[in-house]
Amino acid sequence: AFNVGSGVVVSGSIDGNAGSDTLNLSAYATARTVVINASSTANGFAGTEASVTGGFADINVVTLPAGAADSLQGANFANTWAITTPDAGTLTENGNVLTFSGVNSVIGGTSTDAFTLSGTGTLSGSIAGGGGAGVNTLTGNNVANTWGITGNDSGTLTGVTGGYSDIDNLVGGSDTDA
């Protein structure tokens, strides 16, 4: 694991190369914003984060500080998001899977994004479709959901504290949806 200390900046880049590699920014006390640029050539993902000025590559796991208003943005490809536990889950893109935790808000890319809440999956932040021409879908958890449609392609949902935006299709879970 690449464990980056609080306030530390890597002036170059981080490349996980082969194997399963973690970018751990959980020691930070301030919010982190991770942007995925692409799937890496070896394995994992490439992207940017302010604490790694040259970016990162071949990363399979991202750990962000709990409760710090962190966000994770997918690349401009078709992304599949699974929010499976509080502020944690997976992002699947081009066959690669990124596991994440400590992520309060998720942001799709400009292509199609599918967001699904399952298990104990919740977000203390928000879900944003990411704009662009893609058709974005949000599937609620299999609990009694309350959907609030408060604007064009935006609103509130049980389990997503900050609501959702730029979501074209809403799909209820297997329990009551209202």
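The values are calculated or read from the model by the stated rules, or taken from the named source; none is laboratory data. Because the structure is a prediction, the values reported are computed rather than measured. In this analysis, Cβ positions are derived from the backbone assuming ideal geometry, glycine residues included, and neighbour counts consider all displayed protein chains. Each accessible area value is taken on the protein alone, full model and side chains, heavy atoms only, with ligands, DNA and RNA left out. Shrake-Rupley method; radii C 1.70, N 1.55, O 1.52, S 1.80 Å.
Hey, ALA68 hits all of (1) crowded, with 19+ Cβ neighbours inside 10 Å; (2) closer than 25 Å to PHE45 by Cβ but one; which does it fall short on?
Condition not satisfied by ALA68: (1).
Given the conditions (1) at pLDDT below 95; (2) under 30 Å from GLY134 (Cα atoms); (3) among the polar types (S, T, N, Q), and given that THR22 satisfies all but one, which numbered condition is not satisfied?
With respect to (1) at pLDDT below 95; (2) under 30 Å from GLY134 (Cα atoms); (3) among the polar types (S, T, N, Q), THR22 is out only on (1).
Being surrounded by 15 or more Cβ atoms within 10 Å (Cβ to Cβ), hydrophobic (A, V, I, L, M, F, W, C) and in a loop (DSSP other than H, G, I, E, B) is the filter here, so list the residues in the range 1-30 that pass it.
Listed by number, the residues that qualify are VAL4, LEU25.
For (1) at pLDDT 95 or above; (2) more than 14 Å from the chain's Cα centre (by Cα); (3) more than 24 Å from VAL160 (Cα to Cα), each residue gets a yes or a no:
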| site | (1), (2), (3) |
| --- | --- |
| SER13 | yes, yes, yes |
| SER26 | yes, yes, no |
| GLY55 | yes, yes, yes |
| ASP70 | yes, no, no |
| ALA75 | no, no, no |
| TRP81 | yes, no, no |
| THR84 | yes, no, no |
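Can you pull out every residue in the range 157-178 that is part of a loop (DSSP other than H, G, I, E, B) and of a type in the set (A, V, I, L, M)?
ILE167, ALA178
For the range 75-101, which positions are under 11 Å from SER39 (Cβ atoms), touching a Gly at 6+ places or on another chain (Cβ under 7 Å) and not in a strand (DSSP E or B)?
ALA75, PHE77
For the range 102-156, which positions are open to solvent by less than 10 Å² (accessible area, probe 1.4 Å), under 19 Å from ALA78 (Cβ atoms) and not in a strand (DSSP E or B)?
Listed by number, the residues that qualify are GLY108, GLY109, GLY129, ASN136.
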